[in-house]
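Take a look at the structure set out below.
What follows is calculated from the coordinates using simple rules that are stated; it is not laboratory data. The structure displayed is predicted, hence computed values, not measured ones. With ideal geometry, Cβ positions are generated from the backbone for all residues, glycine too; neighbour counts draw on all protein chains shown.
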Amino acid sequence: MSTATEPASAPARCAVVTGAARGIGLAVVEQLARDGLRVLATDRDGDVLQTEAERLRGQGLNVQAAALDVQDRSAVAALFATLSTIDVVVNNAGIASTLLPFRELDAARLRSMMGVNLLGSFIVAQEAVRRMPEGGRVVQIASRGYLGGSGAAHYVASKAAVVGMVRAMAIELRWRSITVNAIAPGMVDTRMLEGFTPEMRRVLEQREPAGAAASPQTIADAVSFLASPRAAQCNGQVLFVDGGKSVGMPPL
Ligand SMILES: NC(=O)c1ccc[n+]([C@@H]2O[C@H](COP(=O)([O-])OP(=O)(O)OC[C@H]3O[C@@H](n4cnc5c(N)ncnc54)[C@H](O)[C@@H]3O)[C@@H](O)[C@H]2O)c1
């Protein structure tokens, strides 16, 4: 786990994390709080979120929680209006689905995937940057999957779209010294993998360089860096956290 990065005398920066009730989002909340930030954890599953936030506060961490569906523009705007500043926003909320051949994909599934993964990220990022001071940080959780893959055209399309949005935002926001970057995880051990049968999961894990799904903490560590003042020169980038599978696999 990373050590605290915030100067002791400065007021704590404020971070908002979406999809924070479990998995990668929850690990990000804990890491940013350990880094010394005030963290507002949000998730559409408000009950689990409150329990987790209470647990983290019990460890002395500065974590508040609020139920929030990232697709609900007025709820996002109303919640953010209660914050004096948003220094960091981590767009993590996302959905996947069971594998589905392209020929069987229908518009409703594509729309639903785009609704959370792209439109939800757009709404949260837009409302956040309106309140973001110079030096702000937008971190988007994308996926290595955006490079392509079979049986998930709707997921791939949604993650490729958020990477495109990140690159465009990075150019537009740099004059305010706000950086916008994406993280592209490989396979991570969260409930998102529950959509796979145990056999399918085993096969997929064997294809990872480490032979296993990574822990959510590996993604939280990458977020910790990109959210920090140390990452001021990283902008418009996609950081793959996937053991290097994205650059290719060695011959058998
Ligand atoms: N697990 C992986 O292998 C993997 C790999 C690459 C990328 N990712 C990405 O990482 C992110 C986090 O995934 P995870 O693996 O922790 O999944 P997860 O399913 O464990 O957690 C996702 C969280 O997002 C919340 N959420 C879903 N829709 C929401 C909405 N409309 N509004 C608010 N919250 C919502 C869920 O309630 C849940 O708490 C996602 O964007 C996912 O696409 C995951």
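Geometric descriptor of the chain, per residue, is 133 Å³ (volume of the convex hull of the Cα atoms). Cα centroids of the stretch 199-234 and the stretch 49-87: 24 Å apart. At most 15 other C-beta atoms within 10 Å and a DSSP loop state: those are the exposed trypsin sites (Lys or Arg not before Pro) I care about. Give me the longest piece of the chain that has none. It works out to 1-129. Relative to the longest principal axis of the Cα atoms of the chain, helix 23-34 runs at roughly 30 degrees. With contributions of -39500 (n - 2.57) from each DSSP H run of at least four residues, the per-residue ellipticity at 222 nm computed over the chain stands at -11000 deg cm²/dmol. Summing charges over neighbours of Ala160, with a neighbour being any other residue whose Cβ is under 14 Å away from its Cβ, gives +3 when K and R count +1 and D and E count -1. Simple spin-label estimate for Arg57 and Asp221 gives 3.1 nm between the two label positions (7 Å along the Cα-to-Cβ direction from each Cα).
How far is helix 153-173 tilted, in degrees, relative to the longest principal axis of the Cα atoms in the chain, given as a value from 0 to 90 rounded to the nearest 10? Computed tilt is about 30 degrees. For Asp45 and Glu199, the difference between the fully extended length at 0.36 nm per residue and the C-alpha to C-alpha distance is 52.6 nm.
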